[in-house]
Amino acid sequence: MVDFARVQKELQDCNKDFEVSGIKVSPKGDTNLTHLFGTIHGPVGTPYEGGTFKIDITLPDGYPFEPPKMRFATKVWHPNISSQSGAICLDILKDQWSPALTLKTGLLSVQALLSAPEPDDPQDAVVAQQYLKDYQTFVGTARYWTEAFAKTLSLGVEEKVQKLVEMGFGEALVRSALEGVGGDENMALEKLCSS
C-alpha cells in the first residue's frame, strides 16, 4: 500500500523550493495522491530551454519500494522519451530505483536526461537515429517541439479559456479541465475530447 504520509511530505518538500529547483508536483485530482502531475523546466543550454514540461506520475501500490511510473504528458523530441506515448527510458524509474529516492529526485533525473540524451539506449529509435546521424536536424526538431508543445503555458488563463470555448466546449467545462491539468492547454483539450 502507498505510504500517503510520505507522499504528502514529498509534495511539501518538492513545492517549497519550486522557485529554485523548477520542480513541482501536485495531485491530479482533488484528493487522489496516487495520480500526480510533475512540472519541470527545460534545462538551460539545451533545445528544451524555456519549455515547461508536464510529467504524468502514477504511484504503484508498492511505492516507495517500487518506482513511480512517469511519462511525459507534454510532447517532447528526445531519444530516451517516446514521441508517441511519452514513455521514459531511465534506469532509476526501473531497476535502479531505491526507496531512498523521492519524486523530486526522480523528476530531477528526468530533467538531467533532457541535458544528456543516451541515444545508444533509446526509447524512440527514430529520434535516436536522427540524433546520431543528423544532429543539427535533431536540435531543430527538438526546439520546434519545445516551442509548439512546452511553451503554451505562457498564455494567460483567460486566453486559454477563450481558445477552448471557441472550439465549442462550455466555459465551465473548460475551466474545470484546465484546473484539473494544472493549466496545460493541450492536456485540457485531450481531457475535453475524451469526456
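The values are calculated or read from the model by the stated rules, or taken from the named source; none is laboratory data. Worth saying up front: this structure is predicted, and the values here are computed from it rather than measured. Virtual Cβ from ideal backbone geometry, glycine too; neighbours counted across all protein chains shown. For accessibility, only protein heavy atoms count, side chains too; no ligands or nucleic acids. Shrake-Rupley method; radii C 1.70, N 1.55, O 1.52, S 1.80 Å.
Put simply, of His41, His78 the only residue that is open to solvent by 20 Å² or more (accessible area, probe 1.4 Å) and either in contact (Cβ under 8 Å) with a residue 24 or more places away in the chain or among the acidic types (Asp, Glu) (or both) is His41. Look at the range 1-24: where a residue is over 18 Å from Phe53 (Cβ atoms) and open to solvent by 60 Å² or more (accessible area, probe 1.4 Å) and a partner is at pLDDT 90 or above and of a type in the set (D, E, K, R), sitting 6+ places away or on another chain with Cβ atoms under 7 Å, you get Met1/Asp61.
Within the range 81-107, take every residue that is among the hydroxyl-bearing types (Ser, Thr, Tyr) and in contact with a helix residue (DSSP H, G or I) (Cβ under 7 Å, 6 or more places away or on another chain) and give me the one that is most open to solvent (accessible area, probe 1.4 Å).
Thr102
Here is a yes/no grid of residues against (1) modelled with pLDDT under 95; (2) within 17 Å of Asp124 (Cα to Cα); (3) of a type in the set (S, T, N, Q):
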site: Val44; (1), (2), (3): yes, no, no
site: Asp61; (1), (2), (3): yes, no, no
site: Arg71; (1), (2), (3): no, yes, no
site: Gln84; (1), (2), (3): yes, yes, yes
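Is it the case, given these coordinates, that Lys54 is in a loop (DSSP other than H, G, I, E, B), in contact with a helix residue (DSSP H, G or I) (Cβ under 7 Å, 6 or more places away or on another chain) and basic (Lys, Arg)? Quick ask: steps written out before the conclusion?
Details: in a loop (DSSP other than H, G, I, E, B): no; in contact with a helix residue (DSSP H, G or I) (Cβ under 7 Å, 6 or more places away or on another chain): yes; basic (Lys, Arg): yes.
No; evaluated as a whole, the condition is false for this residue.
Are there helices (runs of 4 or more DSSP H) fully within the range 108-195 with at least 1 residues that are open to solvent by 50 Å² or more (accessible area, probe 1.4 Å) and at pLDDT below 85? List them.
157-166, 171-180, 185-194
The set of residues in the range 63-75 being open to solvent by 20 Å² or more (accessible area, probe 1.4 Å) and out of contact with any helix residue (DSSP H, G or I) (no Cβ under 7 Å at 6 or more places or on another chain) consists of Phe65, Glu66, Lys69, Arg71.
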